[in-house]
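The values are calculated or read from the model by the stated rules, or taken from the named source; none is laboratory data. Small disclaimer: the values here were computed from a predicted structure and weren't measured. In this analysis, Cβ positions are derived from the backbone assuming ideal geometry, glycine residues included, and neighbour counts consider all displayed protein chains. Please note that ligands, DNA and RNA were not included when accessible areas were found on the heavy atoms of the full protein model with its side chains. Shrake-Rupley method; radii C 1.70, N 1.55, O 1.52, S 1.80 Å.
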Amino acid sequence: MPVLFPHSVLRASLAVCLLGLLSACANTNLGDALQRSLGADPTLKDNPPKNLGRPSPNKPQTTPEKQKSVPLPKDFPTEIPRYQQASLEQVQPLKDAAGPGKLTIWSSPDPINLIQNFYQKTFESGGWEVLDQPEDQDGGTFIVRRNDLDVTLSIRSRATTGKSSAASSSKPPAVATNSSVTTFDIQYVRDGKDTKAQKPQPSQKPTQAEKPTQAEKPTQTEKPQPSSEVVSKPAQVRSGQPEKFTDLDKVPQDLRKYVADLAKLGVLTPGTANPKTNADSQGTPFAPNQTISRRQYARWLMDGNNRIYANRPGLQIRLASKTTQPAFQDVPRTDPDFPYIQGLADAGLISSPLSGDSTAVLFRPDAPLTRENLMVWKVPLDTRKALPKASIEAVKETWGFKDTAEIDPKALRAVLADFRNGDLANIRRVFGYTILFQPKKPVTRAEAAAALWYFGSQGEGQSAKEALFIKPQTSQPSGAPKATPSN
């Protein structure tokens, strides 16, 4: 017989006592109570316990839906470098662009300086022509070009807020956590013009083979549409020849009258949206919705000021002579627009080393004109005096722009001075009512023309419409036709 250990003896004794107790109380109330307390729960037969902590075999487990990724556009150029740690969030079509293209919006958890350094190095080493780039490491806009591809890349950061969810209302409220996400826009446009290809000189005449045949010439019964042709007798006696533009019906309705008056005045030059029509005897294209370059606006700015003030020589800007020392390294004397750009620099209307800005050694004549560039160059010709001191708070209180902090400090003074011009302010005339100034946004040719329609401040100024009927203070050659008012 095996020897029992003390604890085994104890368990056996307890079991015997318990059996004896149950037997003695089998037919008593106490026995029934003990049986009910130790028996199985009969309710579990119809209501089985819930399967906690494990997925049910008959019910599929729900998982959170993953965020769908936006597919890359099929026409996205392979030349554009892609930041590997960025994801595409949105694709938008471009309106009124010079060629096919789109706007793509990206986001990345990486900081701004890493993304900005990546694109700066890639653009510089990848054969891109860098027309503009940010001045610091806090984000900004790259404007680059390669062959016939124009790319505008804007980098910025945004703050995102996440919350930890609560299972029920009895638990503490969710705690907010802040994080930073860098977003950047890549806008690309193919304009069909390869910068490496040889461009024809404007002075070259078409050869015999390029001249339109008799079948291509319009018959005498064909007449241009009145809405798209601009001809005025008053403009014919001025120094510039007015252009007959064939696409003025494409100018936005609110800006059409400004463009028409400046065209009659002979200030505007043809666009390049459809060069094949330049030889059309019916006129030339203006391309109103095409982006205007800095060199084009510089020419229009000087011509517009001088022709609107044709009878006031003291308010005119002088052209620079070919012997003047160039103020900019990228605008030599041989540049066709040197007299205009250098003339504006000599007058102190654009920043250059002549005005004390030692960093402005490049003019970037072929870069797109931005909204803040337009204001910095135009407003001093309206006020004809020093611009007021300005701050971000002052511009917010006057214009109410939500993006005032993005405006260059040099442009804040011009924007504030423009507000004081009331209904004649350039911003109101060109852009209408807006609470977003978008200082880095390129300006179209129609918008630039609208800004140049009026020079001066309230109570003292002159418009292009008024200038059409003012005789300049210059002697006309014999036999020149006299200007007559025209409706």
What's the FRET efficiency of residue 458 with residue 402 using the Cβ-Cβ distance as r and R₀ = 22 Å, to the nearest 0.05?
0.25
Obtain the radius of gyration and the Kirkwood radius of region 71-114 from its C-alpha atoms and give Rg over Rh.
1.00
Distance between the C-alpha centers of region 381-437 and region 256-271? Whole Å please.
25 Å
Once amide H atoms are built 1.01 Å from N in the peptide plane, which residues 5 or more positions from residue 102, or in another chain, come under 5 Å H to H?
188
Working out 0.36 nm times the residue gap between residue 95 and residue 357, then minus their Cα-Cα distance, what length gain in nm do you get to one decimal?
90.6 nm
Binned at 10 Å from 0, what are the whole-percent values of the Cα-Cα distance distribution for region 351-451, short to long?
15, 50, 31, 5
The extension gain from residue 78 to residue 311, computed as 0.36 nm times the residue separation minus the Cα-Cα distance, is 78.4 nm
I want to check the label-to-label distance for residue 322 and residue 469. Put each point 7 Å from Cα in the C-beta direction and report it in nm to one decimal.
4.1 nm
Counting sequence-distant residues (5 or more places) and residues on other chains, those with an amide H built under 5 Å from that of residue 317 are 306
With viscosity set to 0.692 mPa s and temperature to 37 °C, compute the Stokes-Einstein D of region 260-417, Rh being the Kirkwood radius across alpha carbon pairs; µm²/s, no decimals.
189 µm²/s
Using a 1.4 Å probe over the heavy atoms of the protein chains, calculate the carbon and sulfur portion of the accessible area of region 249-408 as a whole percent.
50 percent
Surpassing 32 Å at the alpha-carbon level, of the pairs 74/396; 385/465; 102/250, are 74/396
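Extension gain residue 392-residue 137, at 0.36 nm per residue separation less the Cα-Cα distance, in nm?
89.7 nm
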Just reorder 94, 416 by solvent-accessible area, largest first, 1.4 Å probe, all chains present.
94, 416
Candidates per trypsin sites (Lys or Arg not before Pro) in region 84-159, loop by DSSP, up to 13 other Cβ within 10 Å
95
